[in-house]
């Protein structure tokens, strides 16, 4: 997988790939990272990339010319590049999106700044537009990294143990059960005793119960979704009989 980050501030992104899992994936050649700065394509004598908003309003807007030229250049180099814009004015990014996007060969993330990007850029170049939450950031770089990380975990060869993907939150509507490490006791706090007895059937049952409890507390709408899916599956199984 190749990622291109279209950003005015590559330094905000570069450090994330210098350690841990994604660095190892880059070293193995599983991932490739490059940066494209719209300022390098600006035809303004001062290399400006923003201007006042048409129709008034506070703040500046990234104007189309540098981004048009940068993205045209990118598409000339690779016509299959899949271009994603990060903006709060979009559908929420979810785990199924991460799994689907992991099948791509080249993704470009366009990070906005100031009050956003001229809408004409998005209309012309966006293959998809995502939001990572109902809040406002100072730029799209953090959002791009969030999506990049989530997608990368689903690419073969990135994780040391791919089986870990199967037990994570959002692989089903339920949140993942709590995790514990050694020692069994620490400062008076213990691991659930059932985890220590070696009965894997009972451990699975306990983990499921804890998963349900956690989902009910933090994300009740996900528990409702799970119960609906379980009911549909049960009725389907009865019809097959």
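Considering (1) at pLDDT 95 or above; (2) within 15 Å of residue 145 (Cα to Cα), the lone condition that residue 24 does not fulfil carries the number (2). Taking the conditions exactly as written (outside the structural domain of residue 94 (by TED's automatic domain parsing) and modelled with pLDDT of 85 or more), does residue 208 satisfy them or not? Answer is yes for this residue.
The rows are residues; the columns are (1) at pLDDT 90 or above; (2) assigned to a helix (DSSP H, G or I); (3) in the same structural domain as residue 108 (by TED's automatic domain parsing); (4) surrounded by 12 or more Cβ atoms within 10 Å (Cβ to Cβ).
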site	(1), (2), (3), (4)
142	yes, yes, yes, yes
164	no, yes, no, no
174	no, no, no, yes
215	no, yes, no, yes
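Tell me, which residue of segment 57-78 that is part of a loop (DSSP other than H, G, I, E, B) and modelled with pLDDT under 95 is surrounded by the most Cβ atoms within 10 Å (Cβ to Cβ)?
At the first step, the residues of segment 57-78 found to be part of a loop (DSSP other than H, G, I, E, B) are 57-59, 63, 78.
Now restrict to residues that are modelled with pLDDT under 95: 57-59, 63.
Values: 57: 10, 58: 7, 59: 10, 63: 20.
Per the stated criteria, the residue is 63.
Could you identify the single residue in 23, 48, 2 that is over 22 Å from residue 143 (Cα atoms) and either touching a strand residue (DSSP E or B) at 6+ places or on another chain (Cβ under 8 Å) or surrounded by 12 or more Cβ atoms within 10 Å (Cβ to Cβ) (or both)? Steps first, answer last, please.
On the way: 23 fails: over 22 Å from residue 143 (Cα atoms); 2 fails: over 22 Å from residue 143 (Cα atoms).
Unique residue meeting the criteria: 48.
Only one of the numbered conditions (1) part of a loop (DSSP other than H, G, I, E, B); (2) modelled with pLDDT under 90 is not met by residue 29, and that is (2).
Checking each residue in segment 77-133 for being on the phi > 0 side of the Ramachandran plot and within 14 Å of the chain's Cα centre (by Cα) picks out only 133.
The values are calculated or read from the model by the stated rules, or taken from the named source; none is laboratory data. Keep in mind that what you see is a predicted model, and the values were worked out from it rather than measured. Virtual Cβ from ideal backbone geometry, glycine too; neighbours counted across all protein chains shown.
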